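Undergrad: Let me begin by handing over the structure; questions about it come next.
The values are calculated or read from the model by the stated rules, or taken from the named source; none is laboratory data. Just so it is clear, the structure is predicted and the values come from calculations on it, not from any experiment. We place every Cβ from the backbone using ideal geometry, glycine too, and count neighbours over all the protein chains shown. SASA here: full protein model, heavy atoms, side chains in, ligands and nucleic acids out. Shrake-Rupley method; radii C 1.70, N 1.55, O 1.52, S 1.80 Å.
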Amino acid sequence: MNETPSSSRRGIFKAGLAAAAGGIALAQAQGQSNSGRRFRGWVSRGAGPGRTTLQDLTLRPITGRQVVVRTEATNLCYSNAPFVLGLPVPAGGPLQNMALIQGHGGVGVVESVGPEVRRVQPGDRVCVSGTPQCGSCYQCLRGRADMCQFLGRQGPNDLVPIADMRDGTPVYANSHIGGLAEYMVTFEEWVVPVFTRAPAAELGMVCSCVSVAGLGTTTSQALAAIAPGSIVAIVGCGPLGLSAVQGARISGASKIIAIDPIRARREVSLKIGATHVLDPNMEGDKLVAKVRELSNGPNNRLWAGGRDSGGLLGGAGADFVVEAVGADHIKPKLEAGPDPTGILPMRQAYEMCAPGGHIITTSLPRGTISLPAVVFAIGGRTHHAGQAGGASPMRDIPRFVAMLDSGQYNAKALATTVIPIERMLEAYEEVLYRTTVTAIMTSSV
(Lines give C-alpha, C1' and ligand atoms only; values in the text may rest on other atoms or scores of the structure.)
Protein backbone atom coordinates (compact mmCIF):
# COMPACT_ATOMS: atom_id res chain seq x y z
CA MET A 1 0.00 0.00 0.00
CA ASN A 2 1.32 3.45 -0.93
CA GLU A 3 2.12 5.83 1.94
CA THR A 4 0.26 9.11 2.20
CA PRO A 5 2.32 12.31 2.28
CA SER A 6 1.50 12.76 5.96
CA SER A 7 2.53 9.24 6.94
CA SER A 8 5.71 9.62 4.90
CA ARG A 9 6.57 12.80 6.76
CA ARG A 10 5.89 11.07 10.08
CA GLY A 11 8.24 8.29 9.04
CA ILE A 12 10.97 10.74 8.13
CA PHE A 13 10.45 12.60 11.41
CA LYS A 14 10.67 9.39 13.44
CA ALA A 15 13.77 8.33 11.56
CA GLY A 16 15.33 11.71 12.27
CA LEU A 17 14.55 11.42 15.98
CA ALA A 18 16.04 7.95 16.05
CA ALA A 19 19.20 9.12 14.32
CA ALA A 20 19.52 12.07 16.70
CA ALA A 21 19.02 9.81 19.71
CA GLY A 22 21.60 7.43 18.33
CA GLY A 23 24.08 10.27 17.84
CA ILE A 24 23.56 11.49 21.40
CA ALA A 25 23.96 7.95 22.76
CA LEU A 26 27.18 7.51 20.76
CA ALA A 27 28.56 10.80 22.03
CA GLN A 28 27.71 9.87 25.60
CA ALA A 29 29.38 6.49 25.15
CA GLN A 30 32.50 8.18 23.78
CA GLY A 31 32.59 10.58 26.71
CA GLN A 32 32.28 7.72 29.18
CA SER A 33 34.87 5.63 27.34
CA ASN A 34 37.57 8.23 28.04
CA SER A 35 36.64 8.36 31.72
CA GLY A 36 39.41 6.88 33.82
CA ARG A 37 42.09 7.27 31.16
CA ARG A 38 45.53 7.97 32.61
CA PHE A 39 47.69 10.74 31.19
CA ARG A 40 50.47 13.12 32.17
CA GLY A 41 50.09 16.84 32.69
CA TRP A 42 52.05 19.72 34.15
CA VAL A 43 50.05 20.90 37.16
CA SER A 44 50.63 24.29 38.83
CA ARG A 45 49.60 24.93 42.42
CA GLY A 46 50.77 27.21 45.23
CA ALA A 47 53.66 29.66 44.89
CA GLY A 48 57.37 29.65 44.20
CA PRO A 49 59.67 28.03 41.63
CA GLY A 50 58.50 24.48 42.33
CA ARG A 51 54.78 25.16 41.83
CA THR A 52 54.59 23.29 38.48
CA THR A 53 55.24 19.54 38.45
CA LEU A 54 54.60 16.70 35.99
CA GLN A 55 51.80 14.57 37.40
CA ASP A 56 49.98 11.35 36.54
CA LEU A 57 46.32 12.25 36.11
CA THR A 58 43.04 10.42 35.60
CA LEU A 59 40.52 11.83 33.15
CA ARG A 60 36.99 12.54 34.35
CA PRO A 61 33.85 11.83 32.27
CA ILE A 62 32.77 14.61 29.93
CA THR A 63 29.33 15.95 29.16
CA GLY A 64 27.47 18.74 27.39
CA ARG A 65 29.72 20.78 25.07
CA GLN A 66 33.00 19.31 26.32
CA VAL A 67 35.64 17.97 23.94
CA VAL A 68 38.62 15.73 24.73
CA VAL A 69 41.66 16.43 22.52
CA ARG A 70 44.83 14.36 22.39
CA THR A 71 47.59 16.97 22.38
CA GLU A 72 50.07 17.03 19.49
CA ALA A 73 51.77 20.38 20.14
CA THR A 74 51.37 23.55 22.17
CA ASN A 75 53.11 26.91 22.29
CA LEU A 76 54.85 28.00 25.49
CA CYS A 77 53.51 31.55 25.69
CA TYR A 78 55.66 34.24 27.34
CA SER A 79 52.67 35.74 29.17
CA ASN A 80 52.12 32.40 30.94
CA ALA A 81 55.74 32.10 32.13
CA PRO A 82 55.33 33.63 35.62
CA PHE A 83 52.50 31.23 36.46
CA VAL A 84 54.40 28.18 35.22
CA LEU A 85 57.80 29.05 36.68
CA GLY A 86 56.52 30.55 39.94
CA LEU A 87 57.77 34.12 39.52
CA PRO A 88 56.41 36.78 41.88
CA VAL A 89 53.04 37.94 40.50
CA PRO A 90 50.13 39.93 41.94
CA ALA A 91 48.06 37.88 44.38
CA GLY A 92 46.48 35.07 42.42
CA GLY A 93 43.49 34.60 44.73
CA PRO A 94 41.70 31.25 44.70
CA LEU A 95 43.22 30.24 41.35
CA GLN A 96 46.70 30.16 42.89
CA ASN A 97 45.75 27.29 45.18
CA MET A 98 43.76 25.32 42.59
CA ALA A 99 45.53 22.53 40.72
CA LEU A 100 45.71 23.99 37.20
CA ILE A 101 47.06 22.68 33.92
CA GLN A 102 48.56 25.86 32.47
CA GLY A 103 48.84 26.72 28.77
CA HIS A 104 47.04 28.62 26.05
CA GLY A 105 45.63 25.71 24.07
CA GLY A 106 47.35 23.90 21.24
CA VAL A 107 46.67 21.47 18.43
CA GLY A 108 45.66 17.85 18.50
CA VAL A 109 43.13 15.18 17.55
CA VAL A 110 39.62 14.90 18.98
CA GLU A 111 39.21 11.72 21.05
CA SER A 112 35.63 12.19 22.22
CA VAL A 113 32.85 14.80 22.40
CA GLY A 114 29.95 15.55 24.69
CA PRO A 115 26.36 14.97 23.49
CA GLU A 116 25.77 18.64 22.65
CA VAL A 117 28.85 19.14 20.47
CA ARG A 118 28.24 19.84 16.77
CA ARG A 119 31.38 21.61 15.58
CA VAL A 120 33.80 18.68 15.66
CA GLN A 121 33.76 14.89 15.84
CA PRO A 122 36.20 12.19 16.96
CA GLY A 123 39.18 11.92 14.63
CA ASP A 124 39.15 15.59 13.64
CA ARG A 125 42.40 17.49 13.85
CA VAL A 126 41.73 20.72 15.72
CA CYS A 127 43.18 23.90 17.10
CA VAL A 128 42.24 24.58 20.71
CA SER A 129 42.20 28.34 20.32
CA GLY A 130 43.43 30.86 22.86
CA THR A 131 40.23 32.81 22.14
CA PRO A 132 36.77 31.22 22.01
CA GLN A 133 34.07 31.90 19.44
CA CYS A 134 30.58 30.99 20.58
CA GLY A 135 28.80 32.80 17.74
CA SER A 136 25.93 33.82 20.00
CA CYS A 137 27.11 36.40 22.53
CA TYR A 138 26.83 40.17 22.13
CA GLN A 139 30.35 40.54 20.69
CA CYS A 140 30.24 37.54 18.33
CA LEU A 141 26.93 38.72 16.87
CA ARG A 142 28.51 42.08 16.09
CA GLY A 143 31.49 40.66 14.24
CA ARG A 144 33.95 40.82 17.14
CA ALA A 145 34.60 37.17 17.89
CA ASP A 146 38.04 38.24 19.14
CA MET A 147 36.13 39.66 22.11
CA CYS A 148 33.82 36.67 22.63
CA GLN A 149 32.35 37.05 26.08
CA PHE A 150 33.18 33.47 27.03
CA LEU A 151 36.78 34.75 27.19
CA GLY A 152 35.82 36.45 30.45
CA ARG A 153 34.36 33.31 32.04
CA GLN A 154 37.61 31.93 33.46
CA GLY A 155 37.33 32.59 37.18
CA PRO A 156 37.52 29.94 39.91
CA ASN A 157 33.73 29.57 39.88
CA ASP A 158 33.68 29.11 36.09
CA LEU A 159 36.25 26.34 35.76
CA VAL A 160 35.20 22.70 36.02
CA PRO A 161 37.42 19.78 37.09
CA ILE A 162 38.60 17.70 34.15
CA ALA A 163 40.85 15.18 35.91
CA ASP A 164 42.10 14.00 39.28
CA MET A 165 45.54 13.61 40.78
CA ARG A 166 46.56 10.36 42.46
CA ASP A 167 45.55 11.73 45.86
CA GLY A 168 42.10 12.67 44.56
CA THR A 169 42.80 16.40 44.14
CA PRO A 170 40.61 17.80 41.34
CA VAL A 171 42.53 19.28 38.40
CA TYR A 172 41.31 22.17 36.23
CA ALA A 173 42.38 23.56 32.83
CA ASN A 174 43.63 27.13 32.76
CA SER A 175 41.15 29.28 30.81
CA HIS A 176 39.16 26.10 30.02
CA ILE A 177 41.92 25.04 27.61
CA GLY A 178 45.21 24.19 29.32
CA GLY A 179 47.71 22.70 26.87
CA LEU A 180 50.64 21.55 29.00
CA ALA A 181 49.39 17.98 29.13
CA GLU A 182 48.95 14.91 26.96
CA TYR A 183 45.22 15.66 26.77
CA MET A 184 43.21 18.86 26.68
CA VAL A 185 39.59 18.98 27.85
CA THR A 186 37.81 22.08 26.64
CA PHE A 187 34.45 23.32 25.40
CA GLU A 188 33.14 23.44 21.86
CA GLU A 189 33.47 27.22 21.54
CA TRP A 190 37.25 26.97 22.00
CA VAL A 191 37.79 24.36 19.26
CA VAL A 192 38.42 25.01 15.55
CA PRO A 193 38.63 22.07 13.08
CA VAL A 194 41.64 22.25 10.77
CA PHE A 195 42.04 19.94 7.79
CA THR A 196 45.75 19.61 7.16
CA ARG A 197 48.64 17.14 7.26
CA ALA A 198 51.15 19.72 8.45
CA PRO A 199 53.74 18.50 10.98
CA ALA A 200 52.60 18.94 14.58
CA ALA A 201 55.23 21.51 15.58
CA GLU A 202 54.55 23.71 12.54
CA LEU A 203 50.79 23.48 13.03
CA GLY A 204 51.24 24.25 16.71
CA MET A 205 53.22 27.32 15.72
CA VAL A 206 50.73 28.79 13.26
CA CYS A 207 47.77 28.00 15.54
CA SER A 208 49.43 29.38 18.67
CA CYS A 209 47.86 32.32 20.45
CA VAL A 210 50.78 34.56 19.45
CA SER A 211 50.80 33.64 15.76
CA VAL A 212 47.03 33.98 15.51
CA ALA A 213 47.26 37.43 17.07
CA GLY A 214 50.16 38.49 14.82
CA LEU A 215 48.60 37.23 11.60
CA GLY A 216 45.28 38.61 12.80
CA THR A 217 46.63 42.15 13.00
CA THR A 218 47.96 42.17 9.46
CA THR A 219 45.73 39.80 7.47
CA SER A 220 42.31 39.38 9.12
CA GLN A 221 41.18 42.92 8.19
CA ALA A 222 38.84 42.86 11.19
CA LEU A 223 40.38 45.93 12.82
CA ALA A 224 42.03 47.60 9.83
CA ALA A 225 43.24 46.50 6.41
CA ILE A 226 46.74 46.84 5.00
CA ALA A 227 46.39 48.25 1.52
CA PRO A 228 48.83 46.87 -1.08
CA GLY A 229 51.94 49.02 -1.20
CA SER A 230 51.57 50.22 2.40
CA ILE A 231 54.44 50.97 4.74
CA VAL A 232 54.20 48.84 7.88
CA ALA A 233 56.19 49.08 11.12
CA ILE A 234 56.29 46.19 13.58
CA VAL A 235 57.48 47.21 17.06
CA GLY A 236 58.62 44.05 18.85
CA CYS A 237 59.75 40.89 17.07
CA GLY A 238 58.77 38.05 19.32
CA PRO A 239 56.61 35.33 17.77
CA LEU A 240 53.60 37.66 17.64
CA GLY A 241 55.53 40.48 15.95
CA LEU A 242 57.30 38.10 13.56
CA SER A 243 53.94 36.61 12.57
CA ALA A 244 52.74 40.16 11.92
CA VAL A 245 55.81 40.70 9.70
CA GLN A 246 54.81 37.67 7.64
CA GLY A 247 51.21 38.84 7.48
CA ALA A 248 52.30 42.26 6.24
CA ARG A 249 54.32 40.59 3.50
CA ILE A 250 51.38 38.34 2.55
CA SER A 251 49.08 41.40 2.46
CA GLY A 252 51.33 43.19 -0.02
CA ALA A 253 53.14 45.81 2.06
CA SER A 254 55.92 47.48 0.08
CA LYS A 255 58.08 48.36 3.08
CA ILE A 256 58.16 46.45 6.37
CA ILE A 257 60.18 47.97 9.20
CA ALA A 258 60.93 45.50 12.02
CA ILE A 259 62.06 46.95 15.35
CA ASP A 260 63.58 44.88 18.16
CA PRO A 261 66.61 45.11 20.48
CA ILE A 262 67.58 41.44 20.01
CA ARG A 263 69.82 41.02 16.97
CA ALA A 264 68.84 37.38 16.38
CA ARG A 265 65.19 38.37 16.10
CA ARG A 266 65.97 41.20 13.70
CA GLU A 267 67.84 38.66 11.55
CA VAL A 268 64.86 36.32 11.55
CA SER A 269 62.58 39.19 10.51
CA LEU A 270 64.74 39.85 7.45
CA LYS A 271 64.45 36.20 6.42
CA ILE A 272 60.66 36.21 6.57
CA GLY A 273 59.78 39.51 4.94
CA ALA A 274 61.11 42.63 6.67
CA THR A 275 62.75 45.11 4.34
CA HIS A 276 64.36 47.20 7.08
CA VAL A 277 65.34 46.53 10.70
CA LEU A 278 66.00 48.95 13.53
CA ASP A 279 67.53 48.54 16.98
CA PRO A 280 65.62 50.74 19.45
CA ASN A 281 68.67 50.89 21.72
CA MET A 282 70.83 52.16 18.88
CA GLU A 283 68.25 54.67 17.63
CA GLY A 284 67.34 55.92 21.10
CA ASP A 285 65.04 58.93 21.13
CA LYS A 286 65.49 59.25 17.35
CA LEU A 287 63.60 56.03 16.63
CA VAL A 288 60.35 57.75 15.63
CA ALA A 289 62.22 60.19 13.40
CA LYS A 290 64.05 57.29 11.74
CA VAL A 291 60.77 55.52 10.90
CA ARG A 292 59.40 58.78 9.49
CA GLU A 293 62.54 59.17 7.42
CA LEU A 294 62.15 55.66 6.02
CA SER A 295 58.51 56.39 5.14
CA ASN A 296 59.01 59.86 3.65
CA GLY A 297 58.40 60.01 -0.04
CA PRO A 298 58.67 59.10 -2.83
CA ASN A 299 58.68 62.91 -3.02
CA ASN A 300 57.48 65.88 -0.99
CA ARG A 301 55.54 67.55 -3.81
CA LEU A 302 52.05 67.73 -2.36
CA TRP A 303 50.43 68.37 -5.77
CA ALA A 304 52.10 65.20 -7.04
CA GLY A 305 50.91 62.85 -4.32
CA GLY A 306 54.02 63.29 -2.18
CA ARG A 307 54.26 63.51 1.57
CA ASP A 308 56.69 65.04 4.02
CA SER A 309 57.31 65.04 7.74
CA GLY A 310 56.44 68.67 8.39
CA GLY A 311 53.70 69.92 10.72
CA LEU A 312 50.98 68.18 12.67
CA LEU A 313 49.55 66.52 9.59
CA GLY A 314 52.75 65.82 7.72
CA GLY A 315 52.34 62.59 5.81
CA ALA A 316 55.51 60.79 6.91
CA GLY A 317 55.20 57.79 9.17
CA ALA A 318 54.13 54.20 8.82
CA ASP A 319 50.69 53.67 7.33
CA PHE A 320 50.15 50.71 9.65
CA VAL A 321 51.86 49.99 12.99
CA VAL A 322 51.69 46.84 15.09
CA GLU A 323 52.93 47.16 18.67
CA ALA A 324 53.99 43.81 20.18
CA VAL A 325 56.52 44.51 22.94
CA GLY A 326 54.97 44.31 26.40
CA ALA A 327 56.61 44.27 29.82
CA ASP A 328 59.55 42.08 30.81
CA HIS A 329 58.83 39.50 33.50
CA ILE A 330 62.56 39.33 34.16
CA LYS A 331 65.65 40.87 32.58
CA PRO A 332 66.43 38.93 29.37
CA LYS A 333 69.80 37.24 28.94
CA LEU A 334 70.06 38.67 25.43
CA GLU A 335 69.80 42.35 24.54
CA ALA A 336 67.28 44.14 26.77
CA GLY A 337 65.01 46.84 25.39
CA PRO A 338 65.05 50.48 26.50
CA ASP A 339 62.03 50.17 28.82
CA PRO A 340 61.17 46.98 30.75
CA THR A 341 57.61 48.22 31.36
CA GLY A 342 56.78 48.32 27.63
CA ILE A 343 55.29 51.81 27.91
CA LEU A 344 57.98 53.66 25.91
CA PRO A 345 57.78 51.40 22.84
CA MET A 346 53.98 51.64 22.91
CA ARG A 347 54.18 55.43 22.90
CA GLN A 348 56.79 55.37 20.12
CA ALA A 349 54.56 53.04 18.10
CA TYR A 350 51.74 55.58 18.33
CA GLU A 351 53.96 58.50 17.37
CA MET A 352 55.58 56.77 14.36
CA CYS A 353 52.15 56.16 12.82
CA ALA A 354 51.32 58.47 9.92
CA PRO A 355 48.32 60.79 10.11
CA GLY A 356 45.47 58.81 8.60
CA GLY A 357 47.21 55.59 9.58
CA HIS A 358 46.32 52.75 11.94
CA ILE A 359 48.02 51.37 15.03
CA ILE A 360 47.10 48.02 16.59
CA THR A 361 48.38 47.36 20.10
CA THR A 362 48.67 43.72 21.18
CA SER A 363 50.97 43.55 24.19
CA LEU A 364 50.70 43.49 27.98
CA PRO A 365 52.61 46.55 29.23
CA ARG A 366 52.92 47.58 32.86
CA GLY A 367 51.87 51.08 33.90
CA THR A 368 50.02 54.07 32.44
CA ILE A 369 50.72 55.62 29.06
CA SER A 370 50.65 59.34 28.24
CA LEU A 371 50.43 60.70 24.70
CA PRO A 372 50.77 64.18 23.13
CA ALA A 373 47.26 65.53 23.64
CA VAL A 374 46.88 67.41 20.34
CA VAL A 375 48.19 64.50 18.28
CA PHE A 376 45.85 62.18 20.13
CA ALA A 377 42.87 64.51 19.69
CA ILE A 378 43.18 65.55 16.05
CA GLY A 379 46.28 63.84 14.66
CA GLY A 380 44.29 61.42 12.54
CA ARG A 381 45.77 58.23 13.94
CA THR A 382 43.30 55.41 14.57
CA HIS A 383 44.10 53.12 17.49
CA HIS A 384 42.76 49.56 17.69
CA ALA A 385 43.00 47.45 20.83
CA GLY A 386 44.15 44.12 19.41
CA GLN A 387 43.03 41.22 21.61
CA ALA A 388 43.97 38.23 19.41
CA GLY A 389 44.87 40.79 16.77
CA GLY A 390 41.18 41.05 15.92
CA ALA A 391 41.16 37.49 14.58
CA SER A 392 37.90 35.56 14.38
CA PRO A 393 38.96 31.98 15.26
CA MET A 394 36.51 29.99 13.12
CA ARG A 395 37.07 32.22 10.09
CA ASP A 396 40.75 33.08 10.39
CA ILE A 397 42.55 30.07 11.88
CA PRO A 398 41.72 27.86 8.83
CA ARG A 399 43.04 30.71 6.65
CA PHE A 400 46.27 30.81 8.62
CA VAL A 401 46.64 27.04 8.28
CA ALA A 402 46.16 27.43 4.52
CA MET A 403 48.99 30.01 4.56
CA LEU A 404 51.18 27.41 6.27
CA ASP A 405 50.24 24.66 3.80
CA SER A 406 50.87 26.92 0.79
CA GLY A 407 54.29 28.02 2.03
CA GLN A 408 53.25 31.64 2.62
CA TYR A 409 53.78 31.36 6.37
CA ASN A 410 57.17 30.13 7.58
CA ALA A 411 56.56 28.32 10.87
CA LYS A 412 60.01 26.69 11.03
CA ALA A 413 61.74 30.07 11.25
CA LEU A 414 59.74 30.92 14.38
CA ALA A 415 59.61 27.54 16.14
CA THR A 416 63.23 27.71 17.26
CA THR A 417 62.86 25.28 20.20
CA VAL A 418 60.84 22.07 19.89
CA ILE A 419 60.86 19.77 22.91
CA PRO A 420 58.93 16.78 24.31
CA ILE A 421 56.61 17.16 27.28
CA GLU A 422 59.28 16.04 29.77
CA ARG A 423 61.48 19.07 28.97
CA MET A 424 58.78 21.71 29.24
CA LEU A 425 60.29 23.57 32.21
CA GLU A 426 63.73 24.02 30.65
CA ALA A 427 62.12 25.28 27.43
CA TYR A 428 60.04 27.76 29.41
CA GLU A 429 63.29 29.11 30.88
CA GLU A 430 64.44 29.87 27.34
CA VAL A 431 61.16 31.65 26.65
CA LEU A 432 61.43 33.66 29.87
CA TYR A 433 65.00 34.80 29.17
CA ARG A 434 64.21 35.37 25.45
CA THR A 435 67.02 33.09 24.28
CA THR A 436 64.61 31.48 21.81
CA VAL A 437 61.94 32.95 19.56
CA THR A 438 59.25 30.36 20.26
CA ALA A 439 59.23 27.09 22.18
CA ILE A 440 56.81 24.37 21.08
CA MET A 441 56.08 21.43 23.36
CA THR A 442 55.08 18.20 21.61
CA SER A 443 53.29 15.14 22.92
CA SER A 444 53.34 11.67 21.39
CA VAL A 445 50.84 9.84 23.60
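Undergrad: Go ahead and run the numbers for FRET between ASP56 and TYR433, Cβ-Cβ distance against an R0 of 45 Å, rounding to 0.05.
TA: That pair, ASP56 with TYR433, gives E of 0.90.
Undergrad: When Rg is the radius of gyration of the Cα atoms in the stretch 174-288 and Rh is its Kirkwood radius, what does Rg/Rh come to?
TA: Rounded to two decimals, Rg/Rh equals 1.05.
Undergrad: Between THR196 and THR169, what FRET efficiency follows from the Cβ-Cβ distance if R0 is 41 Å, with the result rounded to 0.05?
TA: According to the calculation, E is roughly 0.65.
Undergrad: Given a 1.4 Å probe and heavy atoms of the protein chains only, how would you sort GLU426, GLU283, GLU293, largest accessible area at the top?
TA: Putting GLU426, GLU283, GLU293 in descending order of accessible area: GLU293, GLU426, GLU283.
Undergrad: Still on this structure, please answer the following. Output needed for the chain: three equivalent-ellipsoid semi-axes, defined as square roots of 5 times the C-alpha gyration tensor eigenvalues, in descending order, whole Å.
TA: For the chain, the semi-axes come out at 42, 27, 18 Å.
Undergrad: Hey, another quick one. Which of the lysines could a cross-linker bridge to LYS290, judged by Cα under 16 Å and excluding same-chain residues fewer than eight apart?
TA: Within the straight-line cut-off, LYS290 pairs with LYS255.
Undergrad: Next question, about the same structure. What FRET efficiency comes out for SER35 versus ARG142 if R0 is 35 angstrom and r is the Cβ-Cβ distance? Round to the nearest 0.05.
TA: Plugging the Cβ-Cβ distance into 1/(1 + (r/R0)^6) gives 0.35.
Undergrad: Still on this structure: With the Cα gyration tensor of the stretch 251-367 in hand, give its eigenvalues times 5 under a square root as the equivalent ellipsoid semi-axes, listed largest first in whole angstrom.
TA: Ellipsoid half-lengths, sorted descending, are 27, 16, 12 Å.
Undergrad: How do TRP303, TRP42 stack up against each other in accessible area, from largest to smallest, with a 1.4 angstrom probe?
TA: Result of the area sort, largest leading: TRP303, TRP42.
Undergrad: Express the carbon and sulfur contribution to the solvent-accessible surface of the chain as a percent, rounded to the nearest whole number, probe 1.4 angstrom.
TA: Here it works out to 54 percent.
Undergrad: Tell me the per residue accessible area of the chain using a 1.4 Å probe; a whole number in Å² is fine.
TA: That works out to 43 Å² for each residue.
Undergrad: If you don't mind, another one. Comparing SER230, SER370, SER112, which has the greatest mean-square fluctuation in the GNM of the chain with Cα pairs linked when under 10 Å apart?
TA: SER370
Undergrad: Give me the net charge of LEU404's neighbourhood, meaning all other residues with Cβ under 12 Å from the Cβ of LEU404; Lys, Arg count +1, Asp, Glu -1.
TA: Overall, the nearby charge balance is +1.
Undergrad: Now a separate question. Keeping all protein chains in place and using 1.4 angstrom, which order do VAL321, VAL268 fall into by accessible surface area, from largest down?
TA: The most accessible residue leads, giving VAL268, VAL321.
Undergrad: Sticking with this structure for a sec: Can you give the % of DSSP beta bridges in the chain that are antiparallel, to the nearest 5?
TA: For the chain, the DSSP antiparallel bridge percentage is about 55.
Undergrad: Could you tell me how far the Cα centroid of the stretch 299-342 sits from the Cα centroid of the stretch 94-159, in Å?
TA: Between the Cα centre of the stretch 94-159 and that of the stretch 299-342, the gap is 35 Å.
Undergrad: Same structure, new question: Using a 1.4 Å probe, how large is the accessible area of LYS286, given in Å² and rounded to the nearest 10?
TA: 140 Å²
Undergrad: Report the Cα-based extents of the stretch 333-435 along its three principal axes, largest first, to the nearest Å.
TA: So the extents along the principal axes, rounded to whole Å, are 53, 36, 20.
Undergrad: With just the Cα atoms defining each centre, how far is the stretch 404-439 from the stretch 239-270? Give it in Å.
TA: Distance between centres, Cα-based: 17 Å.
Undergrad: Which distance in nm do the two modelled labels at GLN408 and LYS333 give, with both placed 7 Å along the Cα-to-Cβ direction?
TA: 3.7 nm
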